[in-house]
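Heads up, the thing below is written out as structure tokens.
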Amino acid sequence: MTQVTLSGLTKIFDQKSPPAVDNLDLEIESGKLTALLGPSGCGKTTTMKMIAGLLRPTAGDILFDGDSILSIKPEERGAVMVFQNYLLFPYMNIADNIGFGLKMRKVNKKEIRSRVQDMLDLVQLPGFEDRKPNQLSGGQQQRIALARALIVQPNVLLLDEPLSNLDAHLRDEMRVLIRRIQTEMGITTVFVTHDQEEAVVLADKVALLFDGRLQQFDAPDSFYDTPNTVDIATFFGGTNFIPGYYLDGTITTDIGVFDAPNSLVPEGDAVLSIRPEAVDLGEGGENSVSGTVLSHVYAGRYARFQIRIGDIEIEAVTEPGQVKLFADGDNIPVKFDPDKIWVLGPNTAEQPAATTG
Amino acid sequence: MTTAPAPLPGIAPRTIGRTTLRWAGIMGLLAFLVAPMVPLFIWSISFRWFYPDILPSEYSARAWEQVISPTNNVIGATGQTTLIALLCTVLSVLLGVPAGRALGLHNFKGKRIVEVLILAPIIVPGLAVVLGIDTMFIRYGLSGNILGVTLVHLVPTLPYMTLVMSGVYANYDVDYELQARSLGAGRWATQRYVTLPAVFPGVVVGALFTFLISWSQYVLTLLIGDGQVETLPILLFNFARSEPAIAGALSVVFILPGILVLLLSSKYLSGDSAAVGGIGNI
Amino acid sequence: MNRFRLSERGAERLSISVLLAPAVAVIVLLFLGGLASGFLRSLNYFPLIGLNDFNFDAYFAIFTDNGFLQSLVLTFHIAFTSTLIASILAVASALLLRPAFRGKRIVHFFFSLNLTIPHLVGAIGVLYLFQNSGLVSRIMTGLDIIQRPADFPAMVFDPWAIGIIIQYVWKEIPFIGVIVLAILLSVGEDYESVARSLGANRWQAFRQVTLPLIMPGVVSASVIVFAFTFGAFEIPYLLGRTFPAALPVLAYQSYTDVDLAARPQAMAMAMVIAFISTLLIMAYMKLSRVYIRE
């Protein structure tokens, strides 16, 4: 169990371009599963390689349980990385691949053999010892790569896009496997992904990076409920933004005044954000306004509505089962539950009138 | 064939014509490629072969006995050729593999210049360089001995080996090394267990052809060897005009390693591999 | 952090230098050293025997010598004719060997066989085939086409260097052919099929589609072949005339001349060969940049 601390971690590849990782501070909790999330090129894999010792930071420090490990060689760090494309050594069979790390540690052959068996059981591929990597499917290769990393009982397990090369159904399987193994062995695990859903489903905590900078480090649901910025809310998709002015627990917008107890801004220009599924259609009373149904689509058990309120459009999603509520052109009351409104600072120069992502 | 339904007119006969034509072409091509070897083989087993006989009137193993007999020093020359080629191959591998790694895996300032420097000895004819080298070697006592001949053979072989390895490393995913380091392998263990097995086929093919390039050198040996170092090609040239039977037998000995190498490496050898590019030097 | 530690960039540069230095040192010393030493000698600079001044006498001597100029023309003729014929026949051979047929593997093996047969052996084989009393001449006598060896047209030691050219064509068809064949096989026949379905006939499909695809390979292989045939020594030494001799042979003769005064001229000829090859390398690099980097 190892706690990993990144302190002012910076990586500059090329003086002419901006840093790949920019002054990153992060406390990765011991024994937890942490996701490094961000669009491609945001510096997440670079960060991971620096933790593994495969890249040298330009500035900053990396600490395991409070001790700097920058001078420790990658092979002695106990931070094992599993690459996105698995990289099983092609000329070794599966047993030799899994046993590689133990061979490097001069463990005797008999013990290697028995621990390789255990690992194959763990990843549910018993009997695969003598096969060659090219005889395995992508999902199987991924599991062998995981076993090869776990056999050395790493202090920190680093997974680079562990699910991105897999088909949808294999992805679920792999997700369950990673979660199970991580819980059982309690290894501090960091994984990199560009898929926010994957991060949210799998991780205990998510670190969101844009352009090498940390945007938010939080529990997964916080990114939906209390995002730090409009950009973050947009990255997590499907939120309505309405610009306004915030004062004393209410936000005044072009379409009305709403109670909003939860706010990032104490006072001033702000943006009201509410998720489509939090919009109550057909309910009047407090915090409600009147809108017109513009269009709607059915998506199986729920429906998605475009609603016009004054000069802006918002999106609303009905609860499961409630599908045929309204027809296009209907005038209906629309209610924003005060507890589900989240008020953000206007962080971009040009505020979107109302955006649905 | 006669019971088969008649082929559609206009299609099948044309196909047959094309195939026949193609086979005629292929046979003609192979005949041309094999033709120069034919008189060499016949001479090597002939005893009397006077004009205008198309085939010898008498056959014998005389040429082969001459080849084995100590008077002509064929065995000595074969040994010397092999020794020089082996030394040259070892040196080329030791120096060329690291250099190929640098060129294949890294981008750096001045890479283009290094590439030109490596390519130049492959294209510039040996004779243009060896006259100058001879002047240097005479001064340092490297003329007329095996060491000097081995060194001068490096001029074509080392760049060749470097180019082959640069191609091999360019196709190697260096992340395998990072993966091995991450799993606990040190620098040397990584090279030993991960990189070496991956590049090994390339090293072997490169080394085999390096051996052949040295094995076939004539003019470099002629000038630097200065009559003191007698290799197979030197002997072969001396017999070519005077003793066709012995020259024929020597030719057979001389081409054997090449055929062996081709048999061993044909599965690794395709025209787009760097290994072919340097064969112009054999 | 230790401030004496190398930056990552510095460390990488150092490791690249360590990897490259031995090989580069050997090539610089032998290859560039050999060229430099030859160049100095060609300028009549040879302090060992008391020649301390530079002059261009050797170059002046060879470029005003009719024999040298004839050699130069002959050498260009040999290199150009061999390369042209070999390239055309190599492309034809590659097209011939491309489709799947029974025995393809063994045919390909024989095709690539003389990649490894030394030039010298090929040259001796050509000599025994085409000299006046050679195998071809004997067969023609047997067929009553000619009566005496003297009736056989001169194909070795001849003014047109026919034997030399035959030997080079024989040796280089597989060299260029294997490269072209690899391109043809990796490109596949789909482009031609598209062209054919768009209305191109066989020749047009070849000329407009296939040829541009294989051209980079043909050109780069041809440059190597041209440079080799321009500077090779043993083949014209064995199969060529003594006068005019191919340039490398002439250089060798001058170098081994009993008259030591001829040595700077030999060196000057070596420099001419090196200079022309250098032009070829530059052409090669430029072509490889234009064609291959795309």
- Expected 222 nm ellipticity per residue - DSSP helices of 4 or more, -39500 (n - 2.57), all of chain A, to 500: -7000 deg cm²/dmol
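I'd like the Kirkwood hydrodynamic radius of the protein assembly as shown, using the inverse of the mean 1/r over distinct C-alpha pairs, in Å.
Evaluated over the protein assembly as shown, this radius sits at 33.9 Å.
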- Task: Any chance you could run the full-extension gain for A:ASP25 through A:TYR302? It's 0.36 nm times the residue separation minus the Cα-Cα distance, nm to one decimal.
- Result: 95.6 nm
- Project the alpha carbons of the stretch A:240-348 onto their principal axes and report the range along each, largest first, in whole Å. 40, 28, 23
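Can you give the relative contact order of the stretch C:152-294 as a percent, counting alpha carbon pairs under 8 Å and 6+ residues apart? Don't skip to the answer; put the middle values down first.
Working: 99 pairs, mean separation 36.2, N = 143.
The value is 25 percent.
Specify the longest stretch of chain A that does not include any exposed loop site, a site being one of the trypsin sites (Lys or Arg not before Pro) with a non-H, G, I, E, B DSSP assignment and at most 16 other Cβ atoms within 10 Å.
On the way: sites that count: A:LYS16, A:ARG105, A:LYS106, A:ARG131, A:ARG301, A:LYS324.
Here the longest segment lacking exposed loop sites spans A:132-300.
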- Derived scalar couplings ³J(HN,Hα) [the stretch C:71-83; Karplus, 6.51 cos²θ - 1.76 cosθ + 1.60; whole Hz; x for Gly, Pro]: 4, 4, 4, 4, 5, 4, 4, 4, 5, 5, 4, 4, 5
- Query: Applying 1/(1 + (r/R0)^6) with R0 = 25 Å to the Cβ-Cβ distance of C:ILE85 and B:SER57, what FRET efficiency is obtained, to the nearest 0.05?
  - Reply: 0.10
- Task: Evaluate peptide C:106-113: per residue, the Cβ atoms of other protein chains within 10 Å of its Cβ; return the mean as an integer.
- Result: 5
- Please work out the Cα center distance from the stretch A:168-187 to the stretch B:60-77, rounded to the nearest Å. 73 Å
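Of all trypsin sites (Lys or Arg not before Pro) in the stretch B:38-144, which ones are in loop regions per DSSP and have a Cβ with at most 15 other Cβ atoms within 10 Å? If you can, show how the numbers build up before the last one.
Numbers: sites: B:ARG48, B:ARG62, B:ARG101, B:LYS109, B:LYS111, B:ARG112, B:ARG139; in loops: B:LYS109.
Those that pass, being in a loop and sparsely packed, are B:LYS109.
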- Message: Under a Cβ-only charge scheme (Lys and Arg +1, Asp and Glu -1), can you give me the dipole magnitude of the protein assembly as shown about the Cα centre, in debye to the nearest 20?
- Response: 4180 debye
- Query: Taking amide H positions as placed 1.01 Å from N in the peptide plane, with prolines and chain starts having none, which residues 5 or more places from A:LEU209, or on another chain, fall under 5 Å of its amide H?
  - Reply: A:LEU37, A:GLY38, A:GLN215
- Listed by chain and number, the lysines with an alpha carbon less than 24 angstrom from that of B:LYS111, same-chain partners under 8 positions apart left out, are A:LYS16, C:LYS286
- In chain C, taking the dipole from +1 charges on Lys and Arg beta carbons and -1 charges on Asp and Glu beta carbons about the Cα centre, the listed residue (C:VAL107, C:PHE175, C:ALA245) farthest towards the positive end is C:VAL107
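Chymotrypsin sites (Phe, Trp or Tyr not before Pro), restricted to the stretch B:131-187: which are DSSP loop and have at most 11 other Cβ atoms within 10 Å? Walk me through the numbers on the way to the answer.
Values: sites: B:PHE137, B:TYR140, B:TYR160, B:TYR169, B:TYR172, B:TYR176; in loops: B:TYR140, B:TYR172.
Here the chymotrypsin sites (Phe, Trp or Tyr not before Pro) that fit, given the DSSP loop and packing criteria, are B:TYR140.
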- With label points set 7 Å from each Cα along the Cα-to-Cβ direction at A:ASN165 and A:SER222, the distance between them in nm comes to 3.3 nm
- chain C, relative contact order in percent, only Cα pairs under 8 angstrom and at least six apart counted: 26 percent
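Could you work out, residue by residue across B:104-111, how many beta carbons of other chains sit within 10 Å of that residue's beta carbon, and then give the average as an integer? Display every interim value, and only then the final one.
Values: counts 0, 2, 6, 1, 6, 2, 2, 2.
Mean shielding by partner chains, rounded to a whole number: 3.
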- Query: With each pseudo-label sitting 7 Å past Cα toward Cβ, what's the C:LEU14-C:VAL187 distance in nm, one decimal?
  - Reply: 4.8 nm
- Task: Could you work out the relative contact order of the stretch A:4-220, using alpha carbon pairs under 8 angstrom and six or more residues apart, expressed as a whole percent?
- Result: 31 percent
- Item | Karplus-derived HN-Hα couplings along the stretch A:110-125 (A = 6.51, B = -1.76, C = 1.60, θ = phi - 60°), whole Hz, x at Gly and Pro | 5, 5, 4, 4, 6, 6, 4, 4, 4, 5, 4, 5, 4, 8, 6, 10
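Tell me the Kirkwood radius of the stretch C:58-293: reciprocal of the mean inverse pair distance over distinct alpha-carbon atoms, in Å. Mind dumping the intermediate values first?
Values: mean 1/r = 0.0500 Å⁻¹.
After inverting the mean inverse Cα-Cα distance, the result is 20.0 Å.
Contour minus end-to-end for B:ALA170 and B:LEU105, with contour as 0.36 nm per residue of separation and end-to-end as the Cα-Cα distance? Mind showing how you got there, number by number?
Working: separation 65, 0.36 × 65 = 23.40 nm, distance 0.58 nm.
Full extension from B:ALA170 to B:LEU105 adds 22.8 nm.
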- Which cross-chain or sequence-distant (5 or more) residues have an amide H under 5 Å from the amide H of B:GLY186, H modelled 1.01 Å from N in plane? none
- Item | Exposed trypsin sites (Lys or Arg not before Pro) absent: longest stretch of chain C, with sites in DSSP loops and at most 10 other Cβ within 10 Å deemed exposed | C:103-292
- HN-Hα J in Hz across the stretch C:95-111 - Karplus 6.51, -1.76, 1.60, θ = phi - 60°, x for Gly and Pro: 5, 5, 8, 5, x, 6, 8, 5, x, 4, 4, 6, 5, 4, 4, 5, 4
- Note on the structure: Note on the stretch B:9-63: C-alpha Rg/Rh, Kirkwood Rh, two decimals, gives 1.35
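For peptide B:34-47, how many partner chain Cβ atoms fall within 10 Å of a residue's Cβ, on average?
Values: counts 5, 8, 17, 8, 4, 12, 7, 1, 2, 4, 0, 0, 0, 0.
If you average over the peptide's residues, the count of other-chain Cβ atoms is 5.
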- Task: Place a label point 7 angstrom from the Cα of A:ASP248 along the Cα-to-Cβ direction, then list the residues of the stretch A:261-282 whose backbone nitrogen is under 15 Å away.
- Result: A:261, A:267-268
- With a Förster distance of 30 angstrom and the Cβ-Cβ distance between A:SER114 and A:VAL176, calculated FRET efficiency to the nearest 0.05 equals 0.70
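At a Förster radius of 60 Å, what calculated FRET efficiency corresponds to the Cβ-Cβ distance of B:TYR140 and A:ARG213, to the nearest 0.05? Numbers along the way, then the final one.
Working: r = 62 Å, r/R0 = 1.04.
After rounding, the FRET efficiency stands at 0.45.
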- Task: Tell me the label-point distance for the pair A:ARG56, B:ARG18, using the 7 Å Cα-to-Cβ offset, in nm and rounded to one decimal.
- Result: 6.2 nm
- Message: Full-extension gain between C:MET282 and C:ALA92, please, as 0.36 nm times their residue separation minus the C-alpha to C-alpha distance.
- Response: 65.6 nm
- Item | Test item: Cα-centred dipole of the stretch B:37-146, Lys/Arg +1 and Asp/Glu -1 on Cβ, debye | 620 debye
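Coordinate-derived values only; no laboratory data. Quick caveat, the model's predicted, so the values are computed rather than measured. Neighbour counts run over all protein chains shown; Cβ positions are idealised from the backbone, glycine included.
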